[in-house]
Amino acid sequence: MGKTPEDTPVLVEKERRRFLQLAALGAGASLLATTSWVPEARAAGETEALLLTCMDFRLMDEIERYMTYRGLRDKYDHMILAGASLGALTERYPAWNKTFWQHLEISIQLHHIRRVILLDHRDCGAYKTFLGDAHTETPEREAKTHAQYLHELARQVRMKHPELEVETLLMDLNGKVEAI
């Protein structure tokens, strides 16, 4: 169907609006490209702690609730490694150990943390993958295995950074946390 003279004003108006939309988008992009108005990114200052947890999706909400309950909401750096303390110590993935120590150093430098919170959890797939199912035969044995890795990582942190407080914790799948 051809265009009629009656359609011309409507088409011109649509094209004019489209041109203005594109021009506005281009101007916005130009503003974003210029950094004179964008504040410089800086470290946020001090925070309370570095929290190391496992990557298990089942506990993300519980971890947030626990940290909020303790009055630490928005007052900690959160580092995640599969297996938490085991992930930081495993020889299977040596880069994870290096990453943990690098994150700890950055957290100290940028945010002046005063403590490290090591939070493992029960029914951890990384523990089962790296160590086998035997460590979960009983709740007591599972806690003992977690305690072994939590305490070793805590010992290493205290040795390298005696000024830092270190907490070792174990979380149930229901969110209950116990000191180990």
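Only the coordinates and a few stated rules stand behind these numbers; no lab work does. Computed from a predicted structure; not experimentally measured. Every residue, glycine as well, gets a Cβ built from its backbone with ideal geometry; the counts of neighbours run over all protein chains shown.
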- request: Write out, first by first residue and then by second, each pair whose Cβ atoms fall under 7 Å of each other, whose residues are 6+ apart or on separate chains, and whose first residue, in segment 159-174, is closer than 16 Å to LYS144 by Cα while the second is acidic (Asp, Glu) and surrounded by 14 or more Cβ atoms within 10 Å (Cβ to Cβ).
  value: LEU170/ASP120; MET171/GLU62
message: For the condition touching an Asp or Glu at 6+ places or on another chain (Cβ under 8 Å) and outside any helix (DSSP H, G or I), what is the one hit in GLY83, GLY71?
response: GLY83
